[in-house]
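Let me begin by presenting the structure, written as structure tokens, before commenting on it.
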Amino acid sequence: MITLQRRQLVGHDILLARHGNHISSMRLDRSNDRVVALLDDGSLDSAPNLIAPNLQLPHTVRSVLREDWKLLTAWAGMAGGMGVLMTAAAVLLGTTADPAILEAFAAYSTF
């Protein structure tokens, strides 16, 4: 089962344990999956975000979108295409149908 929750960045905790109040700022290096800290003395330190490389973290909304963007794009494209087709069919029906038939469609009760 997919549980969508925010991932905890382990690198923040590691750097706080190492340096405590001597950290000026921290940033996330997504390409290397590390947290980089700027210390008071101007030096940098970094820590990995994963405890173990094969650790399965819970899925987040961002991770699901990152993995399934092609499928979601295809679905959105198909939904948009169906909307265009339905709009074109309604316009075509409205311009080419006999007015008496259109009035009968509008007067027909569906319930």
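Structure notes:
- Averaging Cα coordinates gives a centre for the stretch 27-54 and one for the stretch 59-111; these two points are 47 Å apart.
- Per-residue 3J(HN,Hα) values for the stretch 71-76, derived from phi via the Karplus relation 6.51 cos²θ - 1.76 cosθ + 1.60 with θ = phi - 60°, read 5, 5, 5, 5, 4, 5 Hz in sequence order (x marks Gly and Pro).
- For Rg/Rh (Cα atoms, Kirkwood Rh), the candidate list reads [x] 1.11; [y] 1.15; [z] 1.42; the entry that matches the value derived from this model is [z].
- For the chain, the per residue solvent-accessible surface stands at 81 Å², with DNA, RNA and ligands left out and a 1.4 Å probe.
- Put simply, the amide H of VAL35, placed in the peptide plane, has neighbours under 5 Å in ASP29, ALA47, ASN49, leaving out anything fewer than 5 places away on its chain.
- Efficiency of FRET between LEU65 and THR95 - r from beta-carbon atoms, R0 41 angstrom, step 0.05: 0.50
The values are calculated or read from the model by the stated rules, or taken from the named source; none is laboratory data. Owing to the predicted nature of the structure, the values given are computational and were not obtained by experimental measurement. Reconstructed Cβ throughout: ideal geometry from the backbone, glycine too, with neighbour counts over all protein chains shown. Surface accessibility is based on the protein's heavy atoms, side chains included, excluding ligands, DNA and RNA. Shrake-Rupley method; radii C 1.70, N 1.55, O 1.52, S 1.80 Å.
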